[in-house]
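In what follows, a structure is listed as structure tokens, so that the remarks can point back to it.
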Amino acid sequence: MAKKIQLGIFLTVAVLASASTWFYANRILKTQQVADAAARDVPRGNLSDLYPRWLGARELLRHGRNPYSLEITREIQQGYYGRPLDPVRPNDPKDQQGFAYPVYVVFLLAPSVDLPFDKVRVGFRWLLIALGIASVWLWLCVLRWKPPCIEIVIYTVLMIGWLPMVQGIKLQQLSLVVAVLFAACGSCLARGWLLCSGGLLALATIKPQLAWPLVLWLLLWAVSDWRSRRQFVFGFGLVMVLLLGGAELILPGWLRMFMQGIGQYHQYTHNQSVLSWLFGTIIGRILEVASVIVCAACIWPVRRERATSAQFGRATGLVLAFTVVVVPMFAPYNQVLLAPAILALVRSSTSSNSILPVVRLARLIGGILLVWPWIATLGLTVAYVWITPELRQKLWPMPFYSNFMPPVFLFGLALADTWMTSAHGLRDRATAE
């Protein structure tokens, strides 16, 4: 009975915390952004990250126009910002919003190109919410964890009200779609549907900068037992051939244009990894190399584990946490990839395995950093009626104060968790033998 009451309290807190994040995004953050844009004459259009991809897909599929061209970029700016960007205006955004995706993303967007974007935008928002809900269930399947239903509801509520998730939904970021494709790929692997899982991973390469670490990990896992896992490689290879071949048919030479677009994108956005942002370029690069080495060393023993094992799920969560800290993208919405690592750590916290005091302290700090945005949004929501425009100018960044630290802590904790779990597994096997 006490356990049910405790879970009921947790569910109530989760609902309030998630609701406060949405209130903050709609009533505080948006108000501040609109006021700041008006004061600085910054253009504001639909501001949907889906729009550049949707418009490029529509123009390519319906009119045969090159989505990477400067003409399409200007048309994208007209909708995204409300007018084309003017380099003479110092306050105009630097992000040109070009079509910086592999051209085969148009195959995913093809069903929507004949619809008005206003309808597409609304539908896509609800789709992202549904996918966010589904991702929790999929990751629990990958981790081979079956908590009580009310716990699953709590995790789902928190996912939908998690600041990175809310930002991704508000911006309509395709990163959320990629995150769910990762989860679906892992869930199919856990069920033994290797061909399907390989195809889903291939679809996730619409954002190659996010996909490459997981692609390398799963290909390593597959070749470690080629006889029983080769269907995964076949599924991945078949769908990639179809995507690349179809892209070349509808836009010959697209790969060169895409690479040029990516180069231009990094020039005007100056994107960095989380590690480079926190520690500077030189130290950040050193830490990135170190992260590659320790992550590879940690997952190497797991490569022979079956996809039905919890160790495999933890290793996959670790690879995605690694992705968040090393890829040259530090936007908060990419932190949705931390979800499996967080769930794995929550599960480990309830296990009977001994935990070193330093790891326990790191978990406490990581937990505080993770929940800080909810603490901040709850506080700002409660104080909303007393917040003046001047005070809002000072307080609105509060939920983002811990933005860059959770990925680093969670990556380190995931490393420790995967290593300790693997060590316990090897010790148990040795004892059994």
| said: Suppose we filter region 96-129 for residues that are surrounded by fewer than 17 Cβ atoms within 10 Å (Cβ to Cβ) and outside any helix (DSSP H, G or I); how many remain? | reply: 3
| Taking interchain pairs and intrachain pairs at least six residues apart, which have beta carbon atoms under 9 angstrom, with the first residue in region 115-142 and free of Cβ contacts under 8 Å to residues at least 40 places away in the same chain and of a type in the set (A, V, I, L, M) and the second assigned to a helix (DSSP H, G or I) and crowded, with 16+ Cβ neighbours inside 10 Å? | 127/177; 133/156; 133/159; 133/160
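Among the listed residues 84, 93, 67, identify the single one that is under 30 Å from residue 39 (Cβ atoms), in contact with a helix residue (DSSP H, G or I) (Cβ under 6 Å, 6 or more places away or on another chain) and not hydroxyl-bearing (Ser, Thr, Tyr).
Numbers: 93 fails: in contact with a helix residue (DSSP H, G or I) (Cβ under 6 Å, 6 or more places away or on another chain); 67 fails: under 30 Å from residue 39 (Cβ atoms).
Every option except 84 fails the conditions.
Here's the yes/no breakdown for (1) of a type outside the set (Lys, Arg); (2) crowded, with 21+ Cβ neighbours inside 10 Å; (3) at positive phi:
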| site | (1), (2), (3) |
| --- | --- |
| 257 | yes, no, no |
| 285 | no, no, no |
| 313 | yes, yes, no |
| 330 | yes, no, no |
| 339 | yes, yes, no |
| Out of all the residues in region 139-151, is one or more in contact with a helix residue (DSSP H, G or I) (Cβ under 6 Å, 6 or more places away or on another chain), of a type outside the set (A, V, I, L, M, F, W, C), closer than 16 Å to residue 341 by Cβ and surrounded by 23 or more Cβ atoms within 10 Å (Cβ to Cβ)? | no
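Does residue 200 satisfy the criteria of being closer than 26 Å to residue 367 by Cα, of a type outside the set (Phe, Trp, Tyr) and assigned to a helix (DSSP H, G or I)?
Working: closer than 26 Å to residue 367 by Cα: no; of a type outside the set (Phe, Trp, Tyr): yes; assigned to a helix (DSSP H, G or I): yes.
Answer is no for this residue.
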| field | Sole residue being under 18 Å from residue 101 (Cα atoms) and outside any helix (DSSP H, G or I), chosen from 55, 47 | value | 47
| task | Tell me, please, whether a residue that is surrounded by fewer than 21 Cβ atoms within 10 Å (Cβ to Cβ) and under 30 Å from residue 420 (Cβ atoms) can be found in region 241-251. | result | no
| request: Would you tally the residues in region 218-254 being assigned to a helix (DSSP H, G or I) and within 16 Å of residue 57 (Cα to Cα)? | output: 8
| Filter result for residue 179 (closer than 30 Å to residue 125 by Cα, more than 24 Å from the chain's Cα centre (by Cα) and assigned to a helix (DSSP H, G or I)) | no
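Values in this text are rule-based calculations from the coordinates and carry no lab data. Quick caveat: nothing in here was measured; it's all calculated off a predicted structure. Positions of Cβ are generated from backbone atoms using ideal geometry, with glycine treated the same way; all protein chains shown enter the neighbour counts.
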